[in-house]
Amino acid sequence: MRNSNASIATSRSSFRHRLIGWLHLHQERLWWFHSLYALILGIGIMWLGKRNFSYLRLVVFHISFIWLSSLFLPKLLNPPRLPVPWTPRLRLLVNFFNKNLYQQMLFFVLPIYYASATRGSRNFLFVLLVALSATLSTLDVVYDRHLSVRRGPTATFFAFNLFTLINVMLPILWSVSNTLTTRVSAALACLGFLSFYYPSSQSDFRRRAFGLATGLLFFGLIELGRPLIPPAPLRLASVEFGGDFDKAALRVVSPLTELQPNQSLQLYGVTAIKAPLGLTERVRHRWYENGTLIFASPFYNMVGGREEGFRLWTSFSFKSIAPGTKLRLDLETEGGQLIGRAELRTAS
C-alpha cells in the first residue's frame, strides 16, 4: 500500500514537473494566443460600446485601480518586503489585471470616438491612436516586457489613456461641454503622467520644473491640437441641401444631390446633431467653395437629447455657380472640433 501511494505521488510530481516544463517552453506562444483571445474579446466590448454608455460609470474605479497598483508596485517589489521568486509573479499578476482593465475601457470607447470622427479628416487620426493603444493593451509580451517596465512609456501610456477616457466620460455622464472637457482631461492626464514619472518622494527643484514644463506642454498640445480630437459623443446624424427651406418643419424643400452650373441659387444646408440628453455645446456652420472659406455662421447653442437630433440650418447666396464647383459644409464646435461635413458638386 505504501509503495502504491509513493508511486502515485511520484507520478503526480513527475506530471507536474513535465507540465511546468512544457509551460515554460511554450510560454511565448501561449501569451500570443492569450493576446489573440483578448483582441477578440475587445471586439465584443466594442459592440457593447455602440449600444450602452452606462458602463462608463465604472471607468473611475478601473482607472483608480490601474493608477494605485502601478504606482505602488515598485515599492512592493523591493527584495526586503517580498521573497525574490515572488517578484516576477506579482508583477505579472498586476499587469494581468491592468491590461484587462485597459482593454475593457479602450475597446468600449473606441466605437464612440469612431462615430464622432469624420472619415477623411484629420480627427480620424485620433481614432487610430485609440485603436493602437487598445491593441497594445492586448499584446502581453509587449506590455509585460517593454511598456510596463520603463517609467517613461508607462507614464505616457497611462496619461494618453486617461485623457481618452475622461474626454468621453465627462460629456456623457455629467453633460460637460467638449471644450471644457478637453481642458479638464488634459489637466488630469498631466497629473497622471507626473505621478508615474516622478514619485511623490522626489520633491526637488528639477521635479517641480519638469512638472511645470509638462503641464504647459499638455495644455499647449490640447489647445492647438483640439481640431485633431473627435468631439465625442457628438456625431452628425444627417445633412440635407436644398434651394428652399421649411422653417416650421426645419427641413429643406426638394433636397439637392448636385448643383446645376451657371445658375444663381440661395442654398440651404441643414444638419442634425446627435447628442446625449442634457449636453449643451455651441456649434456653427462653415461653408467652403473649392476649399476656400466663403462663410462662417455665428455660434448657436445646441441642446442634446432630441431623438431626431438637434437641427441647425444656415444658407448662402450664390450669384453664379461655375462648372466644376465643389461646395463643402463643415459643422464644428466652438472649440474648433469637427463634428461632420458634407459636399455638394456641380453636375458633370
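The values are calculated or read from the model by the stated rules, or taken from the named source; none is laboratory data. Fair warning: this is a prediction, and the values are worked out from it, not measured in the lab. Positions of Cβ are backbone-derived with ideal geometry, glycine not excepted, and every protein chain shown enters the neighbour counts.
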- Message: I'd like to check something: does region 328-337 contain any residue that is in contact with a strand residue (DSSP E or B) (Cβ under 7 Å, 6 or more places away or on another chain), of a type in the set (Val, Ile, Thr) and assigned to a strand (DSSP E or B)?
- Response: yes
- Query: Regarding Arg311, is this residue in contact (Cβ under 8 Å) with a residue 40 or more places away in the chain, closer than 26 Å to Ala115 by Cβ and not small (Gly, Ala, Ser)?
  - Reply: yes
- Which residue, of Ala249, Ala213, is at pLDDT below 90, over 24 Å from Phe126 (Cα atoms) and among the hydrophobic types (A, V, I, L, M, F, W, C)? Ala249
- Given (1) buried (at least 17 other Cβ atoms within 10 Å of the Cβ); (2) in contact (Cβ under 8 Å) with a residue 24 or more places away in the chain, index of the condition Ser121 fails: (1)
- Message: Tell me whether region 218-229 contains one or more residues that are crowded, with 20+ Cβ neighbours inside 10 Å, in a helix (DSSP H, G or I) and out of contact with any Ser or Thr (no Cβ under 9 Å at 6 or more places or on another chain).
- Response: yes
- Lone qualifier among Leu194, Leu188 - being of a type in the set (A, V, I, L, M), surrounded by fewer than 23 Cβ atoms within 10 Å (Cβ to Cβ), in a helix (DSSP H, G or I) and modelled with pLDDT of 90 or more: Leu188
- Message: I'd like the full set of residues that are assigned to a strand (DSSP E or B), closer than 30 Å to Ser54 by Cα and not hydrophobic (A, V, I, L, M, F, W, C), limited to region 277-292.
- Response: Thr280, Glu281, Arg282, Arg284
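Look through Phe299, Phe295, Phe316 and report the one residue that is at pLDDT 90 or above, of a type in the set (Phe, Trp, Tyr), within 27 Å of the chain's Cα centre (by Cα) and farther than 28 Å from Ala131 by Cβ. Reasoning before the result, please.
Values: Phe295 fails: within 27 Å of the chain's Cα centre (by Cα); Phe316 fails: within 27 Å of the chain's Cα centre (by Cα).
Result: Phe299 is the single residue among Phe299, Phe295, Phe316 that is at pLDDT 90 or above, of a type in the set (Phe, Trp, Tyr), within 27 Å of the chain's Cα centre (by Cα) and farther than 28 Å from Ala131 by Cβ.
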- Message: Looking only at region 264-305, how many residues end up being out of contact with any strand residue (DSSP E or B) (no Cβ under 7 Å at 6 or more places or on another chain), surrounded by fewer than 16 Cβ atoms within 10 Å (Cβ to Cβ) and in contact (Cβ under 8 Å) with a residue 24 or more places away in the chain?
- Response: 5
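One line per residue, one yes/no per condition, for (1) small (Gly, Ala, Ser); (2) more than 21 Å from the chain's Cα centre (by Cα):
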| residue | (1), (2) |
| --- | --- |
| Phe160 | no, no |
| Ile172 | no, no |
| Thr182 | no, no |
| Ala186 | yes, no |
| Leu221 | no, no |
| Phe241 | no, yes |
| Phe245 | no, yes |
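Condition check: in a helix (DSSP H, G or I), in contact with a Gly (Cβ under 9 Å, 6 or more places away or on another chain) and either at pLDDT 85 or above or among the acidic types (Asp, Glu) (or both). Does Ala155 satisfy that?
Yes: the conditions hold for Ala155.
Could you please find all residues in region 124-142 being buried (at least 23 other Cβ atoms within 10 Å of the Cβ) and at pLDDT 85 or above?
Result: Val130, Ala134, Ser137.
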